[in-house]
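Here is the structure we will look at.
The values are calculated or read from the model by the stated rules, or taken from the named source; none is laboratory data. Here the structure is a predicted model, which is why all the values come from computation and not from measurement. Cβ placement follows ideal geometry from the backbone for every residue including glycine, while neighbour counts extend to all protein chains displayed. Heads up: the accessible areas ignore ligands, DNA and RNA and are worked out on the full protein's heavy atoms, side chains in. Shrake-Rupley method; radii C 1.70, N 1.55, O 1.52, S 1.80 Å.
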Amino acid sequence: MARRTPQQELEHQMQKMKNMGVTISVSPALGIPRPEFDVAATIAAAAKSAGIYEESSN
(Lines give C-alpha, C1' and ligand atoms only; values in the text may rest on other atoms or scores of the structure.)
Protein backbone atom coordinates (compact mmCIF):
# COMPACT_ATOMS: atom_id res chain seq x y z
CA MET A 1 0.00 0.00 0.00
CA ALA A 2 1.37 3.40 -0.97
CA ARG A 3 2.05 5.89 1.77
CA ARG A 4 -0.01 9.05 1.88
CA THR A 5 1.59 12.37 1.07
CA PRO A 6 1.53 14.90 3.93
CA GLN A 7 -1.39 16.68 2.22
CA GLN A 8 -3.31 13.42 1.82
CA GLU A 9 -2.71 12.54 5.47
CA LEU A 10 -3.95 15.97 6.59
CA GLU A 11 -7.09 15.56 4.47
CA HIS A 12 -7.59 12.04 5.83
CA GLN A 13 -7.34 13.23 9.45
CA MET A 14 -9.72 16.14 8.78
CA GLN A 15 -12.25 13.72 7.29
CA LYS A 16 -11.98 11.49 10.36
CA MET A 17 -12.64 14.50 12.62
CA LYS A 18 -15.60 15.53 10.45
CA ASN A 19 -17.02 12.02 10.78
CA MET A 20 -16.79 12.38 14.58
CA GLY A 21 -18.58 15.74 14.54
CA VAL A 22 -15.52 17.81 15.45
CA THR A 23 -15.35 21.50 14.52
CA ILE A 24 -12.17 23.55 14.53
CA SER A 25 -11.58 27.21 15.27
CA VAL A 26 -8.06 28.56 14.84
CA SER A 27 -6.52 31.79 16.08
CA PRO A 28 -3.69 33.29 14.07
CA ALA A 29 -0.25 32.83 15.59
CA LEU A 30 1.67 35.97 16.45
CA GLY A 31 5.27 36.55 15.53
CA ILE A 32 5.48 34.01 12.70
CA PRO A 33 8.54 35.10 10.71
CA ARG A 34 7.55 33.36 7.45
CA PRO A 35 4.10 32.26 6.26
CA GLU A 36 5.22 28.69 5.49
CA PHE A 37 5.74 28.16 9.24
CA ASP A 38 2.21 29.30 10.13
CA VAL A 39 0.76 25.98 11.26
CA ALA A 40 -2.48 27.66 12.37
CA ALA A 41 -3.14 28.86 8.83
CA THR A 42 -2.44 25.39 7.43
CA ILE A 43 -4.86 23.78 9.88
CA ALA A 44 -7.50 26.43 9.24
CA ALA A 45 -7.28 25.93 5.48
CA ALA A 46 -7.58 22.15 5.84
CA ALA A 47 -10.52 22.50 8.24
CA LYS A 48 -12.29 24.88 5.85
CA SER A 49 -11.71 22.47 2.98
CA ALA A 50 -13.18 19.62 5.05
CA GLY A 51 -16.16 21.74 6.10
CA ILE A 52 -15.36 21.59 9.82
CA TYR A 53 -14.05 25.12 10.34
CA GLU A 54 -16.00 27.32 12.74
CA GLU A 55 -15.48 31.07 12.82
CA SER A 56 -14.22 32.33 16.17
CA SER A 57 -16.48 34.72 18.06
CA ASN A 58 -13.77 36.73 19.86
Whole-number accessible area per residue in Å² for the chain, which is evaluated in the context of all protein chains at 1.4 Å: 81
Computed label-point distance, nm, for sites Glu9 and Ser27 using a 7 Å Cα→Cβ extension: 2.8
Sequence-distant residues sharing a close amide H with Tyr53 (under 5 Å, placed H): Ile24, Lys48
Percent accessible area from carbon and sulfur atoms, the chain, protein chains only, probe 1.4 Å: 55
Which label in (1) 46, 27, 23; (2) 40, 27, 12; (3) 28, 23, 22 gives the computed Cα extents along the principal axes in Å: (2)
